[in-house]
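Step one of this worksheet: look at the structure below.
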Amino acid sequence: MGIDRKRQIHLSLAEMVDSWRIFPRILLGGYIYLLYKTISWYMALEPYILKGCKSDNITDCIIQAPTTQHAALVTAVVGIAAAIFGLYTTSGRKWNGFIFWDKTNSTKNSVNNHDNKIQKSINNHDTQTREEY
């Protein structure tokens, strides 16, 4: 098996994996899971009382939740959505054919062989139709 045949097999496999977009879908699925867990965590936050607080005013011992730090984290995770979506939609190679490394199997020869096969097919069809009349 020549080098060009091996490359064609590998590139066909790569094109198949790329057309299925496996890795971008895994990345998108992971982001959706992260977003779900972050939002669930944020919505479950509740105010709590500090243990061992010695203040006379009860409001000094209560920590309000969610805080601005919590909100900043959720905002960052949600804000990444645009970048993740942009990467997903623009990823993927534009497949435009195969370039031979072995000069004996140049594309010019394969194109000429293909053209010759087409011409023979046309000639065979013409002779068959003439014989019918």
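Before moving on, here are some points about what is shown:
Residues are listed down the side, and each one gets a yes or a no for (1) within 18 Å of Tyr88 (Cβ to Cβ); (2) surrounded by 11 or more Cβ atoms within 10 Å (Cβ to Cβ); (3) outside the structural domain of Phe85 (by TED's automatic domain parsing):
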residue	(1), (2), (3)
His10	no, no, no
Leu34	yes, yes, no
Thr38	no, yes, no
Tyr42	no, yes, no
Glu46	no, no, no
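- Neighbours by Cβ (under 8 Å, 6+ apart or cross-chain): first from the range 68-89, farther than 17 Å from Tyr33 by Cβ; second not in a helix (DSSP H, G or I): His70/Leu45
The values are calculated or read from the model by the stated rules, or taken from the named source; none is laboratory data. Quick caveat, the model's predicted, so the values are computed rather than measured. FYI the Cβ positions are ideal-geometry reconstructions off the backbone, even for glycines, and counts take in every protein chain you see.
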